[in-house]
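Single-structure report; data block below.
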Amino acid sequence: MYKLNLNTQDFLAQHWQQTPLVIKNAFTDFVDPISADELAGLACEEEISSRVIITKDDGWDIIQGPIEKYDQFGVDNWQLLVQAVNHWHPDSVSLVEAFRFIPDWRFDDLMVSFATPGGGVGPHIDNYDVFLLQGEGTRRWKVGTRGNYAPRGGDTHTALIDDFEPIIDVVLEKGDMLYIPPGYPHRGETITTALSYSIGFRAPSQQELMSGLADHLLDTNTGLQRFISVNEPEMPASLSIDHQTGILDLLKDLLAQPQHYQRMLGQLLSQNRFELDLCEPEQDYSATDLTSALSAGAQLVRIGGLKVICLEGDTLSRLFINGEEFEFNINQDELAYLANQMSLDNAKILGLTDSPEVTKFLLTMLNLGYYYLA
């Protein structure tokens, strides 16, 4: 279990989404949850997102995974990045749990990098919050102020920018961490061969919200109301202010109705950007199988990276899991327990299975591969 040396309430009040922060000795006696060889093994897999970035005199080359051979890259000036390691490497899940003082819906993934001396990404700006945790080795990080920075080479589709004047210039050693809010330019350079961990948190954009609402309306065949006017402009080619605001009021009306926005938000924010390592059983579990396993002391454990979300003030008793909606009639305390716990306590779950609805839900989770018996 990883324990973060941070006053989380002070951090949320003073730094979260506001200012960068260097946290020396963020984890005492930090132990890397994954080795370089294990990381390289994950990068061999087709379904896992990975890439190698090679630092050159005039920029950076990116080689997309899967990657099986590393001799071609030499001994310095490159780094391997593997996304969503918490989905595929169970030992890394407990590291992610140390950051659950930030809501689960914001969590994106745990990216792990192996970098040789001189390896780095170059100056760039992210649109999400990130904690950069140092494992083995050392890396130097520079962070600049928020501002308007020209994209590198004029390419507006890249996060890379021209260089910046640093307000933070720090060498991170094992267990040290750097927090960077959205919009702050930063760059990292490897001093000695290093393992580093990027714990990212992101919120939806306006584009994603509008797209999610449109998908919801299409799926439910709702949002069919049309604009009705009470007056018409004198000029035939004119779209009057009254008509403009009246048409947009149709959207406001939709967004004021919980049955539309709650379902849309639950589905959108419980989805993952990266594939999950599903633990689908060879044969579906039955109620008897579940009861027998629980009676023998088994626990139900959530797979790494699965998002389980409940909405405060929801009009229905339901959970949103991996973009899907699961509705069942249990009290709010029991619903919150299922949503918040990564591992479901044996005695607690054995009691909950007195409810046929809960039993059906747990069987669905097992048979979808979202949970497994341990």
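Count the net charge of all other residues whose Cβ sits under 11 Å from the Cβ of Ala203, scoring Lys and Arg as +1 and Asp and Glu as -1. Taking every other residue near Ala203 into account, the sum is -1.
Only one residue of Leu306, Asn272, Ala336 has its Cα farthest out toward the positive end of the dipole of the chain, where Lys and Arg carry +1 and Asp and Glu -1 on Cβ, and that residue is Ala336. To put it simply, the accessible area of the range 206-256 at a 1.4 Å probe is 58 percent carbon and sulfur.
Keeping all protein chains in place, calculate the accessible area per residue for the chain (probe 1.4 angstrom), answer in Å². Intermediate values should be presented prior to the final figure.
Details: 19470 Å² over 374 residues.
Per-residue accessible area for the chain comes out at 52 Å².
Around the amide H of Val121, modelled in the peptide plane, lie the amide H atoms of Gly188, all under 5 Å away and 5 or more residues distant in sequence or on another chain.
Taking Cα centre as origin and charging only the Cβ of basic (Lys, Arg, +1) and acidic (Asp, Glu, -1) residues, the dipole magnitude of the chain rounds to 740 debye. What is the distance in Å between the Cα centres of the range 288-333 and the range 112-138? So the separation of the two Cα centres works out to 35 Å. Under 19 Å of direct C-alpha separation, and excluding same-chain neighbours fewer than eight residues apart, Lys24 reaches these aspartates and glutamates: Asp10, Asp32, Asp129, Glu136, Asp169, Glu173, Asp176, Glu189. Evaluating 6.51 cos²θ - 1.76 cosθ + 1.60 at θ = phi - 60° for every residue in the range 329-336, the Karplus couplings come out as 9, 10, 6, 5, 5, 5, 4, 5 Hz, glycine and proline recorded as x.
Centre-to-centre, using Cα atoms only, the range 1-42 and the range 156-177 are separated by 16 Å. For Lys252, no lysines have a Cα falling under 19 Å of its own Cα, not counting residues fewer than eight places away in the same chain.
Looking at the square roots a ≥ b ≥ c of the eigenvalues of the Cα gyration tensor of the range 206-256, which shape do they give, rounded for a/c under 1.5, prolate if a/b is larger than b/c, or oblate?
Values: a/c = 2.84, a/b = 2.23, b/c = 1.28.
Prolate is the answer for the range 206-256, as a/c is 1.5 or above and a/b outweighs b/c.
Centre-to-centre separation between the Cα atoms of the range 250-279 and those of the range 183-211: 23 Å.
Converting phi to 3J(HN,Hα) with the Karplus coefficients 6.51, -1.76 and 1.60 and the offset θ = phi - 60°, the range 191-206 yields 8, 10, 2, 9, 10, 9, 10, 10, 9, x, 10, 9, 10, x, 7, 4 Hz in sequence order, with x at every glycine or proline. Per residue, the chain reaches -8000 deg cm²/dmol at 222 nm when only DSSP H runs of four or more residues are counted, each adding -39500 (n - 2.57). Spin-label pair Glu282-Lys69: with each label point 7 Å from Cα along the Cα-Cβ axis, the two points sit 3.7 nm from one another. Placing +1 on each Lys and Arg Cβ and -1 on each Asp and Glu Cβ, with no other charges, gives the range 1-112 a dipole about its Cα centre of roughly 520 debye. Separation of the alpha carbons by more than 28 angstrom is noted, of Lys3/Lys142; Lys3/Lys69; Lys307/Lys360, for Lys3/Lys69.
Projected label points at Leu12 and His124, each 7 Å from Cα along the beta carbon direction, are separated by 3.0 nanometres.
For the chain, the equivalent ellipsoid built from the Cα gyration tensor has semi-axes of 38, 34, 19 Å, listed from largest to smallest. Within the range 287-373, all pairs of alpha-carbon atoms sorted by distance into 5 Å bins from zero give the percentages 3, 14, 28, 28, 18, 7, 2, 0.
The values are calculated or read from the model by the stated rules, or taken from the named source; none is laboratory data. These numbers were taken from a predicted model, which means no experiment stands behind them. All Cβ positions, even for glycine, are placed from backbone atoms using ideal geometry, and neighbour counts span all protein chains on display. Remember, those area values only see protein heavy atoms, side chains included, never the ligands or the DNA or RNA. Shrake-Rupley method; radii C 1.70, N 1.55, O 1.52, S 1.80 Å.
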